[in-house]
Amino acid sequence: MSEHSHSEEHHVTGYKTYFIVWVLLMILTATTVYVSYLDFGTFNIVIAMIVASIKASVVALFFMHLKFEDTFTWLFAIFPLVLLFLLIGLTMIDTFTRVVP
Amino acid sequence: MANNAVAANVYVSFLEKKGILSWLYTTDHKRIGILYLASISFFFLIAGMIALLMRFELLTPASDFVSPHTYNVLFTLHGSIMVFFFVVPGLAASFGNFLIPLMIGAPDVAFPKLNIGSYWLYLLGTLILLFALLQPADTGWTFYTPYSANTDTDVILLTFGVFVLGFSSILTGLNFIVTIHKMRAPGMTWHRLPLFIWASYATAVLQLLATPVVGITLLLLIAERTLGIGFFDPAKGGDPVLFQNFFWFYSHPAVYIMIIPAMGVISEIIPVFSRKPIFGYKAIAYSSLGIAFISFLVWAHHMFTSGISEVAATIFSFLTFLVAIPTAIKVFNWTATLYKGSIELHSAMLYALGFIFLFTIGGLTGVFLGALAADIHLHDTYFIVAHMHYVMIGGTVMGFFGAIHFWYPKWFGKMFNEAVAKLAWFLVFVGFNVTFFPQFFLGVQGMPRRYATYPEEFQSLMSLSTYGSWILGLGVLIMTVNLIKGLFSGEKAPQNPYGSLSLEWQVPSPPPLENFVEIPHVTDWPYGYGKKKEVDA
Amino acid sequence: MEQGNTEHSHGLHMDPAVEYSSSKFGMWLFLGTEIMLFGGLFAAYAIFRAKYPEMFLEQHQELNREMGAINTCILIFSSLTMAIAVSAIQKGKKNLSAILILITIICGLGFGVVKYFEYAAKFAHHIYPDTSIFFSLYFMMTGLHMLHVFIGLVVLFVIMVLTWKGKFNETYSTPVEVGGLYWHLVDLIWIYLFPLLYLIG
Amino acid sequence: MTWIPEAASNLASKVDGLLLVITFISIFFFVLISAVLIYFAVKYRRRSDDEETPYITGNQTLEIIWTVIPSILLILLFVYGFVVYKDMRTPPKDAVDITVTGKQWLWTFEYYNGKKTLNELYVRQNRPVRMVMRADDVIHSFFVPAFRVKQDLMPGRYTQLWFTPTKIGTFDIFCAEYCGTGHSKMLGKVIVLSPEAYDIWEKGVAVDGGEAVASLPPAELGEKLYKGKSCNACHSVDGSVVIGPSFKGLYEREGELEDGASYTADENYIMQSILEPQEQIVKGFQPVMPSFKGILSDAEITAIIAYIKTLK
């Protein structure tokens, strides 16, 4: 309920974790660049977005310590993304279902 | 309740310090609240006078007082100033600032420096507005493209001013959310929070997450005028309706940024003057959050005739009806709170009751506009104008006036003349209805909005509306004079003139510098009125 | 309403633990705002990309994939150094932390230099923001991102100087951490911009 | 004055039905709430300062009732609104197309046989019409209150609406989307003719179909055209500058053009300004006037010139 009742701990992440995360990020970057030279049709963008989302999640979870944050921080990290999807989704529905006389 | 009494030698009122710099550099939330209150009231009066000029022009069908272009500039300024300089900061920034720390038992907001920084941003926005007045825009406050991208008037400065104000609003919202999360006094659990806090919280979330979208939209509009990008320009492959989608993604939630704090105010005033616990606390609290969330998903009901797709129109119409439900729940709960109460018709209570009355009309006429086929006929007519003003004046402004009359003794430590306040309320209430009720009929008959001149068949109702605006103006004038007079010659206010149980009334009037001599331990909710409950004396 | 006795609290300042968690929470809220600010552009991207797929496929060839990839690596590396800088200050290693922030800043400047050459190349080919919807998006998205990089650099510079001067230590490092969060967001947005603009195949 | 304009299209009665139902529901709830509010405020008014009040904090059953009942009503209203809307948005197969162009600040209507009219829309009673609409500059909105139809005209793409006029008569067209200085002058008329009258109009030579007009003296006809063809949206007759130069004292006025040349507003200059408005822009004005070629006949131009001559 009251998230400030217990004292906040500093989660000091070890340097090693960061390096592992970094190596992972570099591998993913290499992958996404490599894939872009191949032709999968519409799947190119899908793959690119999945890879980008994995990278973004890793950055958020480890570099930004989201992994160690409380529920409300998670809520406010995720809610804007939900809204963004709704903005894009509903606007797309409008734009691509218009009847052309 | 009385054991927070303060020894006279310790108590220093927050108003004690004098000098303009002590105001401009203050980080005290109560002073910042006053700065906002003064600024928004100033802009309310300015925009109100512009409205009176417009109504005067509309007394007759022809344009015989100002030219059509001037009229267009006037309604643009009236709309922009009222929306962006008055109602959006409005109750949230003024009373939110003053009340949130007091109500949750905190010495100040979470980030006091950011708080005054937000006010400076607001001032910067007003400064930009001043320059924008040199060649004022004539686009309407909605800045629809492509008109706003092509007109010769200065759209860039005005939109940039709004952009800056947007950041002020975002930072204020951010500050409030963190304050409500992190600064509550021991024992002040979520379900013991006053409903004004719930309302402020819902508002702050909207400010935080909807405002940036209008920010980027206005930046894109500025880029369209300066760099020649074409997102909204059909000649370049863009889509003017996209602008409307983006604009209303903010501006519909913005309507709730304006009205939810007023709902919070009503939820505070009614229990105190009924001496009854608020009816359905959780229903009111969670309906604020419900409204806030759904309000993100209804924006295109402003665009049913704009050439959006039928599928989208249907989805948005459905979602629009959903937003009516939590609103209705609030109205029913307020009304039920009065049941078996001991009702005192104090001027603040009159404004609160007026709010319910007028807001119900505003809400019900909203149902017309949510229903697809009815909206097609009513959209962009005076029906919209009337509906919007019933919600914004009948709702927000009534709530704002109610809040001023309710917390005035606490904030300034003075009393105003209650009889004059009641008279002013009567004039405002009557004047408002005479001004705006005829506009529903005008709208149904097809009178379009934003017309500098109009066909003669509408004259009788149009001039009736103008006469009403004079009564309304007189009421506001009397109220303003009464309140200002109270500041100088009012009686000294007691600590808790209405016997309220909320925390802000348990400190002296005006509150001391850091609110509480000792941070209170809260053991109960603030609505424990009534006889089954032992109230500690 | 009962009000218990706590100690006299005049001149009260925030409990450091509350201040720490407030600042971090506040920054996360601000990042939410930033996501929505870019959100308008992402939404515009989604719509125009779906509307004019050929334009996007054809015109993105004008962009330099290698430069984009290099910039991605630079930003990710700068995120790494920033993350370590936060851990370092939390372990009390002020000088290490300051040096790592300095490296972060240098990376940020490097990013700006690469971007400068990219823009210059575009202008040399007479490609401007009003050339097409795609380039409007390209310039607006990368331009707004660049603006954030600059703001981030200024913030980091101030934090670096303060770290150097020993204002932070293992018990108080809030600004370093909060500044770091902002810098990671700049990285995070670029992680999406890079494939969306450079890698659509 | 009636509360709503005469219902003159097939759609109007359906919309009115919806409006009426919502009005009744609204009045019911409004009366309910205000009656309860006033009753409570009077009955439970504070009589003495030490009155006791009960500690009532809520009632689950009531909450459920006043959540569920409005929800059901609202969903029903949504469905009703949608059903009528679907009708409004589905033109019948046999509808006749009329192309509408909105431009600051006039309406142009183009019929299937190539006929063009300005600000006056001629339709045949009981024949469905589909309006295919487009704006030339900024957004406009085609609104006929008597038909209960409204649709924005967008630049760069077509939008549509349809209706079947059911009553013979003349009805207002308003521009309902703010479009600039002349917005409130962007007015038109729908003229619904009986099938017989419509056939005559369709074959007729005069563009605005009035034999009476032809017999007017030129200056009077000119004045009629000045209002009917929206000249008045931009050109005043009292000397004030709206968008274009005022007609007052225009005849034989001398002045400077945008390109520095000088002009004298004689018959030829005025005629050329009507037909090729972009050619000779008077200094200080914007090149915004549309060409009236094909819209005004030579005789009508002569009539307008005659009218201008009377404005000393």
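The values are calculated or read from the model by the stated rules, or taken from the named source; none is laboratory data. This one's a predicted model, so the numbers in the text were calculated from it and none came from an experiment. Cβ: placed from backbone, ideal geometry, glycine included. Neighbour counts: every protein chain shown.
Kindly indicate which of D:E63, D:E52 is crowded, with 17+ Cβ neighbours inside 10 Å and either at the interface with chain B (Cβ under 7 Å from one of its Cβ atoms) or not hydroxyl-bearing (S, T, Y) (or both). Full working, then the answer.
On the way: D:E52 fails: crowded, with 17+ Cβ neighbours inside 10 Å.
Of the residues listed, the single one that is crowded, with 17+ Cβ neighbours inside 10 Å and either at the interface with chain B (Cβ under 7 Å from one of its Cβ atoms) or not hydroxyl-bearing (S, T, Y) (or both) is D:E63.
Please state which one of A:I88, A:I27, A:I50, A:I54 is within 7 Å of another protein chain (Cβ to nearest Cβ) and assigned to a helix (DSSP H, G or I).
It is A:I88.
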**Asked** Within region B:431-448, can one find any residue that is surrounded by fewer than 21 Cβ atoms within 10 Å (Cβ to Cβ), within 14 Å of another protein chain (Cβ to nearest Cβ), within 23 Å of the chain's Cα centre (by Cα) and at pLDDT 95 or above?
**Response** yes
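Just to be sure before I move on: is D:E52 touching a Lys or Arg at 6+ places or on another chain (Cβ under 7 Å) and among the charged types (D, E, K, R) in the structure I sent? Spell out how you get there, then give the answer.
Working: touching a Lys or Arg at 6+ places or on another chain (Cβ under 7 Å): yes; among the charged types (D, E, K, R): yes.
So D:E52 fits the description; yes.
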**Only listed residue being within 9 Å of another protein chain (Cβ to nearest Cβ), assigned to a helix (DSSP H, G or I) and touching a His at 6+ places or on another chain (Cβ under 8 Å), chosen from C:S87, C:S79, C:S23** = C:S79
**Message:** I need the helices (runs of 4 or more DSSP H) fully contained in region B:1-104, keeping only those with at least 2 residues that are touching a residue at least 60 places away in the same chain (Cβ under 8 Å).
**Reply:** B:29-57, B:68-80, B:90-104
**Message:** Looking for something buried (at least 21 other Cβ atoms within 10 Å of the Cβ), at pLDDT below 95 and hydrophobic (A, V, I, L, M, F, W, C) - is there at least one such residue anywhere in region B:168-176?
**Reply:** no
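Check B:I266, B:I329, B:I294 and return the single one that is in contact (Cβ under 8 Å) with a residue 60 or more places away in the chain and of a type outside the set (S, T, Y).
Values: B:I329 fails: in contact (Cβ under 8 Å) with a residue 60 or more places away in the chain; B:I294 fails: in contact (Cβ under 8 Å) with a residue 60 or more places away in the chain.
Result: B:I266 is the single residue among B:I266, B:I329, B:I294 that is in contact (Cβ under 8 Å) with a residue 60 or more places away in the chain and of a type outside the set (S, T, Y).
Could you tell me how many of the residues in region D:290-308 are closer than 17 Å to D:L250 by Cα and among the aliphatic types (A, V, I, L, M)?
6
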**Request:** Taking B:L369 as meeting all but one of (1) touching a strand residue (DSSP E or B) at 6+ places or on another chain (Cβ under 8 Å); (2) part of a helix (DSSP H, G or I), write down the number of the exception.
**Result:** (1)
**Residues that are more than 15 Å from the chain's Cα centre (by Cα) and polar (S, T, N, Q), drawn from region C:21-64** = C:S21, C:S22, C:S23, C:Q59, C:Q61, C:N64
**Complete:** D:Y178 meets each of (1) without any contact (Cβ under 8 Å) to a residue 12 or more places away in the chain; (2) under 24 Å from B:P455 (Cα atoms); (3) away from chain B (no Cβ under 14 Å) with one exception, condition (3)
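Yes/no per residue for (1) surrounded by 23 or more Cβ atoms within 10 Å (Cβ to Cβ); (2) of a type in the set (K, R); (3) not in a helix (DSSP H, G or I):
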position: B:A254; (1), (2), (3): yes, no, no
position: B:I260; (1), (2), (3): yes, no, no
position: B:G264; (1), (2), (3): yes, no, no
position: B:E268; (1), (2), (3): yes, no, no
position: B:F273; (1), (2), (3): yes, no, no
position: B:L289; (1), (2), (3): no, no, no
position: B:S306; (1), (2), (3): yes, no, yes
position: B:F316; (1), (2), (3): yes, no, no
position: B:I325; (1), (2), (3): no, no, no
**Message:** Please verify whether D:F24 is under 27 Å from B:S347 (Cβ atoms) and out of contact with any Lys or Arg (no Cβ under 8 Å at 6 or more places or on another chain), treating the condition exactly as stated.
**Reply:** no
**Message:** Exactly one of these conditions fails for C:G166: (1) modelled with pLDDT under 95; (2) part of a helix (DSSP H, G or I); (3) more than 9 Å from chain A (Cβ to nearest Cβ). Give me its number.
**Reply:** (2)
**Prompt:** Wholly within region D:131-196, which strands (runs of 3 or more DSSP E) include no fewer than the required count, namely at least 1 residues that are under 20 Å from D:C231 (Cα atoms)?
**Reply:** D:140-144, D:169-175, D:188-193
**Residue list for region C:122-147, restricted to those being more than 10 Å from chain B (Cβ to nearest Cβ), assigned to a helix (DSSP H, G or I) and not aromatic (F, W, Y)** = C:K122, C:A124, C:M141, C:T142, C:H145, C:M146, C:L147
**Item:** Some residue of region D:106-118 being touching a residue at least 40 places away in the same chain (Cβ under 8 Å), in contact with a His (Cβ under 9 Å, 6 or more places away or on another chain), surrounded by 19 or more Cβ atoms within 10 Å (Cβ to Cβ) and within 23 Å of D:D152 (Cα to Cα)
**Value:** yes
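Yes or no, residue by residue, for (1) out of contact with any Cys (no Cβ under 8 Å at 6 or more places or on another chain); (2) facing chain D (nearest Cβ under 10 Å); (3) surrounded by fewer than 23 Cβ atoms within 10 Å (Cβ to Cβ):
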position	(1), (2), (3)
B:L319	yes, yes, yes
B:K330	yes, no, no
B:G341	yes, yes, no
B:A348	yes, no, no
B:Y351	yes, no, no
**Asked** Which of (1) more than 28 Å from B:T142 (Cβ to Cβ); (2) assigned to a helix (DSSP H, G or I); (3) out of contact with any Leu (no Cβ under 8 Å at 6 or more places or on another chain); (4) at pLDDT below 95 does B:S500 not meet, given it meets every other one?
**Response** (2)
**Message:** Going by what's in this entry, would A:T13 be described as more than 28 Å from B:E310 (Cα to Cα) and at pLDDT below 90?
**Reply:** yes
